[in-house]
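Taken together, the values in this text are just the output of simple stated rules run on the coordinates, not laboratory data. Bear in mind that the values here come from a model prediction, so they are computed numbers and not experimental data. All Cβ positions, even for glycine, are placed from backbone atoms using ideal geometry, and neighbour counts span all protein chains on display.
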Amino acid sequence: MGQLKTKHLLGLESIDKEDIKKIIDTGFMFREVLDRPVKKVPSLNGLNILNLFFENSTRTKLSFELAEKRLSADVINFSASSSSLNKGESFKDTVQNIHSMKVDCIVMRHPTPGSSIHLTDFVDSIIVNAGDGTHEHPTQALLDMMSLKEKFNNLKNLKVCIVGDILHSRVALSNIFGLKKMGAEVMVCGPQHLLPLSIENLGVKASTDLEEAIDWADALNVLRIQRERMGVGLIPSIREYNDQFGITEKKLNRLNKEVVIMHPGPMNRNVEIDSRVADGKSAIILDQVLNGVAIRMSVLYLLLSGSVEEVK
Ligand code: CP
């Protein structure tokens, strides 16, 4: 058993506030490790972690791999594009074969919503969801909350607006679940047809007026238009989208207040966010990336460190 109430990290809808708080607090502990000259601790020495990626990734994949190595785990990387999936092997056979090699934890990204929950039916390793289609991306929301806590010191009553393509976003859903549990206020803002129906039932405000959103928010978490997950034609043109929902200096300067700017990446510069904003003094986008390594160290340590004690 690990040190959390949950065995796996499948999403933030299914874990409680105490587990979220513990992951963020431990994330700050590992942030200090990342500031040391030698950024490695022996916590997961002797454990095997498999990174099972069926979808493209830069930040999440590298960040998990760095986190695992900095915890001294043994790391195996699986890439779907160079695997026997291309010879017709099924998802179930693939993961059961890998699991027979005795891995302690599987970190999986997959384009199908619910795939990490499905994985728990096939293997008894600890599962960490690294993004499953439009469902959840829990470690992204955890690193976002850690970055907000670092900036504002507290999440309670903080006003966070998630801007953009909410309908296709696993980042939005995990942030909503996490932030609400931690007592923050959440607004979503975007074109009407990219806001899920009845999103207010999750306890969030919804708006199609970016000026209203900027006026309300302490922080904006800006999402990209996820063209790989939408059919054709959901936005009329990039230029129109940028005019109406792109975060620009001009729109931010209209109001006499500072708003913290976040983005989970990858960014489409000058579409959902202008370069001057992305590189400006209010942006904490690269802090989010650094905190991503710390939060993933925290998640893996808290889920797996009980296993190390049992082995000893
Ligand atoms: N934020 C995020 O999930 O980025 P990648 O798709 O590059 O992992």
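Of all residues being away from the ligand (no atom under 16 Å from the Cβ) and touching a strand residue (DSSP E or B) at 6+ places or on another chain (Cβ under 9 Å) in the stretch 61-79, which is nearest to Ala294 (Cα to Cα)? Just the residue, please.
As a first pass, look at the stretch 61-79 and keep what is away from the ligand (no atom under 16 Å from the Cβ): 69-76.
Checking which are touching a strand residue (DSSP E or B) at 6+ places or on another chain (Cβ under 9 Å) leaves us with 69, 71, 73-76.
Details: Lys69: 12, Leu71: 10, Ala73: 15, Asp74: 18, Val75: 17, Ile76: 20 Å.
For the stretch 61-79, the residue satisfying everything is Leu71.
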Review point. Checking Gly183 against (1) in a loop (DSSP other than H, G, I, E, B); (2) of a type outside the set (D, E, K, R); (3) closer than 18 Å to Val271 by Cα, which test does it fail?
Key: (3)
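What's the total number of residues in the stretch 166-202 that are under 15 Å from the mean Cα position of the chain (by Cα) and among the acidic types (Asp, Glu)?
0
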Study note, to complete from the structure: With the first residue restricted to the stretch 86-103 and required to be within 15 Å of Asn51 (Cα to Cα), and the second required to be aromatic (Phe, Trp, Tyr) and assigned to a loop (DSSP other than H, G, I, E, B), Cβ contacts under 9 Å at 6 or more apart or on different chains are Phe91/Phe54; Phe91/Phe122; Val95/Phe122; Gln96/Phe122; His99/Phe122
Review point. What tally of residues in the stretch 36-60 results from selecting those that are in contact with an Asp or Glu (Cβ under 7 Å, 6 or more places away or on another chain) and either within 9 Å of the ligand (Cβ to nearest atom) or not aliphatic (A, V, I, L, M) (or both)?
Key: 2
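Let's see how each residue does on (1) within 17 Å of the chain's Cα centre (by Cα); (2) farther than 30 Å from Arg31 by Cβ:
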{"residue": "Asn56", "(1), (2)": "yes, no"}
{"residue": "Glu65", "(1), (2)": "yes, no"}
{"residue": "Asn77", "(1), (2)": "no, no"}
{"residue": "Ser84", "(1), (2)": "no, yes"}
{"residue": "Lys87", "(1), (2)": "no, yes"}
{"residue": "Ala130", "(1), (2)": "yes, no"}
Review point. For Lys39, are the conditions met, namely being among the basic types (Lys, Arg), part of a loop (DSSP other than H, G, I, E, B), without any contact (Cβ under 8 Å) to a residue 60 or more places away in the chain and surrounded by 13 or more Cβ atoms within 10 Å (Cβ to Cβ)?
Key: yes
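Being surrounded by fewer than 13 Cβ atoms within 10 Å (Cβ to Cβ), within 16 Å of the ligand (Cβ to nearest atom) and either of a type in the set (Phe, Trp, Tyr) or over 25 Å from Asn175 (Cβ atoms) (or both): is that true of Ser100 here? If you could, list the steps in order and put the result at the bottom.
On the way: surrounded by fewer than 13 Cβ atoms within 10 Å (Cβ to Cβ): yes; within 16 Å of the ligand (Cβ to nearest atom): no; either of a type in the set (Phe, Trp, Tyr) or over 25 Å from Asn175 (Cβ atoms) (or both): yes.
No, not satisfied.
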Check your understanding: Looking only at the stretch 262-283, which residues are within 15 Å of the ligand (Cβ to nearest atom) and either among the hydroxyl-bearing types (Ser, Thr, Tyr) or in contact (Cβ under 8 Å) with a residue 40 or more places away in the chain (or both)?
Key -> Met262, His263, Pro264, Gly265, Pro266, Met267, Asn268, Glu272, Ile273
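Does at least one position in the stretch 54-72 carry a residue that is in contact (Cβ under 8 Å) with a residue 24 or more places away in the chain and either in contact with a Pro (Cβ under 6 Å, 6 or more places away or on another chain) or assigned to a strand (DSSP E or B) (or both)?
yes
When the residues of the stretch 117-134 are narrowed to those that are within 14 Å of the ligand (Cβ to nearest atom) and in contact with a Leu (Cβ under 7 Å, 6 or more places away or on another chain), which ends up farthest from Thr6 (Cα to Cα)?
Taking the stretch 117-134 as the starting set, the residues that turn out to be within 14 Å of the ligand (Cβ to nearest atom) are 128-134.
Filter once more, keeping what is in contact with a Leu (Cβ under 7 Å, 6 or more places away or on another chain): 128-129.
On the way: Val128: 11, Asn129: 13 Å.
The residue in question is Asn129.
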Revision key, fill the gap. Counting only residues that are surrounded by fewer than 17 Cβ atoms within 10 Å (Cβ to Cβ) and part of a helix (DSSP H, G or I), the stretch 186-212 contains a total of 7
